[in-house]
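Read-outs throughout are calculated quantities, based only on the coordinates presented, and are distinct from any laboratory measurement. What you see is a predicted model; the values in this text were computed from it and never measured. Using ideal geometry, Cβ is built from the backbone for each residue, glycine included, and neighbour counts are taken over all protein chains shown.
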Amino acid sequence: EVATHSMRVQQDVQRLMQRSQALESRLSALDGLAASMATGGGDASAAAVEALERRLEQHLDEKLSPLREQLSLLDAPEKITAEEKMDKGLLEQVHKDLLFGSPASPSAQEE
């Protein structure tokens, strides 16, 4: 039990060391960016920030575009074409004819 606990602790320490190194690397990159801006390299960093901003906007647009389409379909009134209206009218007429008899049918002429 002690050996397994010791091994887990060693693995945890190793993971923490890796995370610490990754954080140090990021901090070093940020320090480099800050130094670049302080020494007049602001144009390059401003361009990098603008490029990042464009990438973020593009990514958001790609993610939101399908959602906007779905929303517009939900909000849009149902559009019925002339052909669909004619089909609906014919179906209603056939339904009435079946229920009440067609005026041209022999049963309607007998009345």
query = In nanometres, what is the gap between the two model label sites at residue 10 and residue 67, each 7 Å from Cα along Cα-to-Cβ?
reply = 4.7 nm
request  = Grab the Cα-Cα distance for residue 31 and residue 97, subtract it from 0.36 nm times how many residues apart they are, and report the gain in nm with one decimal.
outcome  = 15.4 nm
